[in-house]
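Participant: One structure coming up, written as C-alpha cells, with questions to follow.
Rule-based calculations on the coordinates, nothing more; no lab input. Worth saying up front: this structure is predicted, and the values here are computed from it rather than measured. Virtual Cβ from ideal backbone geometry, glycine too; neighbours counted across all protein chains shown.
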Amino acid sequence: MALVPFDDRDGWIWFDGQMIPWRDAKFHVLTHAIHYGSAVFEGERAYGGKVFKLREHSQRLIDSGRILGFEIPYTVDQIDAATKEVVAANGAPDCYVRPIAWRGSEMMGVSAQHSKIHLAIATWAWGNYFADKDKGIRLTWAKYSRPAPNTAPTKSKAAGLYMIYEAESAGYADALMLDWRGQVAEATGANVFLAIDGVLHTPKPDCFLDGITRRTVIGLAKNRQIQVVERAIWPDELARAQEVFLTGTAAEITPVSEIGEYKFTPGSITGALMDDFGRATRGEIDVPIA
Ligand SMILES: Cc1ncc(COP(=O)(O)O)c(C=O)c1O
C-alpha cells in the first residue's frame, strides 16, 4: 500500500492561533526543537466528534512544557477550544488528535530561553494502533530502560523518549521496557496491566508517564469491583499472569499474547474492560479519573 506522507494531505491544522491549510504548516530547519528535542506533545482520540478526556490532555500538554522549562502561551480553555475547532474543521468525527508545542528558531543555544513557543494541533483518521489488536500482540524486551526520575523528564510527554524501531524490525509489535531498577515499567508508548488470579496489577508510575487511559482503566476496574494493585513488579512475575494488556490513547486497551518467553491468552477481564472502555469513550458511562 502506497504511503501518503503526512506533509502532503488535505485538511486543516491549527497553527499558532490560526487554522491553516494542512500543507502550509511548516517550520525552518534551524528550529530549536529538532536539534535539542525541546518539544512536547499529546495523543488524543475523538469518538463521535468529542475528544475523550480533552481537558486532562490539554493540562498535561501544559505541564509537559513546564517540565522542559517552557510555558505554552495558551490556557487549557484555549487549547480545548482550538482542539474542538480543528476536529470539526477536518470533518472526521472519529480521529486521532496531535497537539505539539515546541521552541522555535529565534535562538540556537541549548537554553534558548527567549525562543518563541509554538503550538500546532492536527487530526487524522487512525484506526487500531496495533495491527493484531484483537488477537493480542507480541512484545519483546526493550533495549533501553526508563531512567530514574532525577535523570530525565519522565513525567513529561516529551519528544525523544520513544524507541520502538528495534522491536518492529525484529517482527514484534512493541517492546516492554524495564526501569532503571530492573522492574517492569511500560511499553514504549503505553502502560501495562497484568491480571493474576482475578486481581489487576500495574507498576507504580514513578518513572514513566501515568497515562490518562491507565487512570481511566483503574476507574473502570474499580466500578466492576476488580481489585487493582499499583506496585513494583519484577519481570519474572509475568509467569504468574493469565492476562496482560496495554493501555494508551493510541493503543486503547490492547491484549498482549506474548512478552519474550511468557505467553498469555486474552481473557474475560481484558474483554470486560475493553467493552467498558468503548462505552466510556462513547460517553455512555462516566469515569472520573484521579
Ligand atoms: C510513554 C507513554 N506511556 C504511556 C502512554 C499512555 O498515556 P495515555 O493513556 O495518556 O495516552 C503514552 C501515550 O501517551 C506514552 O507516550
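Participant: If you build a Gaussian network model of the chain, linking Cα atoms that sit under 10 Å apart, which residue out of Ala122, Ala131, Ala251 swings the most?
Facilitator: Ala131
Participant: If you don't mind, there's one more thing I want to ask. Before anything else, pin down the relative contact order of the chain: Cα pairs under 8 Å, at least 6 apart, normalised by residue count, whole percent. Provide the component values of the computation, followed by the final result.
Facilitator: Values: 573 pairs, mean separation 48.2, N = 290.
Reported as a whole number, the value is 17 percent.
Participant: Can you give me the relative contact order of the range 28-148 as a percent, contacts being Cα pairs under 8 Å and 6 or more apart?
Facilitator: 29
Participant: Still on this structure, please answer the following. Which order do Leu246, Leu3 fall in if you start with the one that has the fewest other Cβ atoms within 10 Å?
Facilitator: Leu3, Leu246
Participant: Next up: Rounded to the nearest 5, what % of the DSSP beta bridges within the chain are antiparallel ones?
Facilitator: 80
Participant: Hey, another quick one. What is the extension gain from Arg66 to Ala81, computed as 0.36 nm multiplied by their sequence separation minus the C-alpha to C-alpha distance, in nm to one decimal?
Facilitator: 3.3 nm
Participant: Moving on to the next point. 222 nm [θ] for the chain, helices only, -39500 (n - 2.57) per DSSP H run of 4+, per residue, to 500?
Facilitator: On the way: 6 runs with 65 residues, N = 290.
Calculated from helices alone, the mean residue ellipticity at 222 nm is -7000 deg cm²/dmol.
Participant: Given a Förster radius of 25 Å and the C-beta distance between Ala2 and Ile34 as r, what FRET efficiency does 1/(1 + (r/R0)^6) yield to the nearest 0.05?
Facilitator: Details: r = 26 Å, r/R0 = 1.06.
For Ala2 and Ile34, the calculated efficiency is 0.40.
Participant: Moving on. What whole number of Å gives the distance from the Cα centroid of the range 241-258 to the Cα centroid of the range 191-236?
Facilitator: Comparing the Cα centres of the range 191-236 and the range 241-258, I get a distance of 11 Å.
Participant: If I take R0 = 25 Å and measure r between the Cβ atoms of Lys263 and Asn128 in this structure, what FRET efficiency does the formula 1/(1 + (r/R0)^6) give, to the nearest 0.05?
Facilitator: The computed FRET efficiency comes out at 0.70.
Participant: Leaving out same-chain residues fewer than 8 places away, which lysines sit with a Cα under 18 Å from that of Lys263?
Facilitator: Partners found: Lys133, Lys135.
Participant: Scanning the chain for chymotrypsin sites (Phe, Trp or Tyr not before Pro) in DSSP loops with at most 15 other Cβ atoms within 10 Å, what's the longest stretch left with none?
Facilitator: Value returned for the longest uninterrupted segment is 181-290.
Participant: Rounded, prolate or oblate: which fits the range 1-103, taking a ≥ b ≥ c as square roots of the Cα gyration tensor eigenvalues, rounded meaning a/c under 1.5, else prolate when a/b beats b/c?
Facilitator: oblate
Participant: With only alpha-carbon atoms counted, please give the Rg and Dmax of the range 152-290, in Å.
Facilitator: Taking only Cα atoms of the range 152-290, I get Rg and Dmax of 14.4, 40 Å.
Participant: Let me ask something else. For a bin width of 5 Å, list the pair-distance distribution of the chain built from all Cα-Cα distances, rounded to whole %.
Facilitator: 1, 5, 12, 15, 18, 17, 14, 10, 5, 2, 0, 0
Participant: Here's another thing I want to ask about it. Let me know the shape class of the range 249-290, please: from the alpha-carbon gyration tensor, a ≥ b ≥ c as square roots of the eigenvalues, rounded when a/c is under 1.5, otherwise prolate if a/b is greater than b/c, or oblate.
Facilitator: Because a/c hits 1.5 or more and a/b exceeds b/c, the range 249-290 counts as prolate.
Participant: Which distance in nm do the two modelled labels at Asn223 and Ala290 give, with both placed 7 Å along the Cα-to-Cβ direction?
Facilitator: 1.8
Participant: Can you give me the C-alpha center-to-center distance between the range 1-72 and the range 83-111, rounded to a whole angstrom?
Facilitator: 2
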